[in-house]
């Protein structure tokens, strides 16, 4: 006699995402609070969502606390957790991703969200940030993007930024971002034999970089 049939059926994913989006920074039923940035903005979240989606948050939320007798307590910390070194908009983008597996980015926060994605070990968010940065790369941001790509080992983004710089080197070296490159990243740029700039002008640009960096 044949056994019972079983199957896992997938419902409407968009409806599920829309419902979870209503919980982003929603104090209703929230059981953990973060105080974010210099603005000390409160961000409300739900520890079960954060813990199941991100190991870094799981560790943060499950740390043992010390009870009144000096012994470890089984009650997880309630916060508020102070996150003074991140912009509220950046942290909210991370929270949005954890709840919905999507993220709202703009050119002002994309690199910082990339940084947070690396810090929290969120590889899928990192990929989304890299794609957005590549798609919206500008003259003013390319050096900062290259610096981040080298720092976080994003090889694909490094290559994309270098190709961008090679195509408009004369304009790029005039940007503030070029002046703020680290010596390691500048060396990577200078190793290229495709820079669209006269060699003497490039030497002068490097001298100006050295003067600013000294």
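No value in this document is a laboratory result; all are computed from the given coordinates. Small disclaimer: the values here were computed from a predicted structure and weren't measured. No Cβ is skipped: glycine too gets one built from the backbone with ideal geometry, and neighbour counts run over all protein chains shown.
At a glance:
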| read-out | value |
| --- | --- |
| Contact order normalised by residue count of region 137-214, Cα under 8 Å, 6+ apart, percent | 34 |
| Mean Cα-pair separation over length for the chain, i.e. relative contact order, pairs under 8 Å, 6 or more apart, % | 14 |
| DSSP-defined beta bridges in the chain - what % are antiparallel, rounded to 5 | 70 |
| Of every Cα-Cα pair in the chain, the percent that sits beyond 26 Å | 51 |
| Helical mean residue ellipticity (222 nm; -39500 (n - 2.57) per DSSP H run of 4+; nearest 500) of the chain | -15000 deg cm²/dmol |
| The chain: angle of helix 155-167 to the longest principal axis, Cα-based, in degrees nearest 10 | 30 |
| Distance between region 99-161 and region 167-214 - C-alpha centres, whole angstrom | 22 |
| Choice from 141, 58, 28 with maximal GNM fluctuation in the chain (Cα, 10 Å cutoff) | 28 |
| Exposure proxy order (Cβ contacts within 10 Å, fewest to most) of 198, 193 | 193, 198 |
| Among 109, 165, 82: highest mean-square fluctuation, GNM of the chain, C-alpha pairs under 10 Å | 82 |
| Of 119, 12, 180, the one that fluctuates the most in a GNM where the chain has Cα springs shorter than 10 Å | 12 |
| Computed FRET value (nearest 0.05) for residue 26 with residue 168, which takes r as the C-beta separation and R₀ as 35 Å | 0.20 |
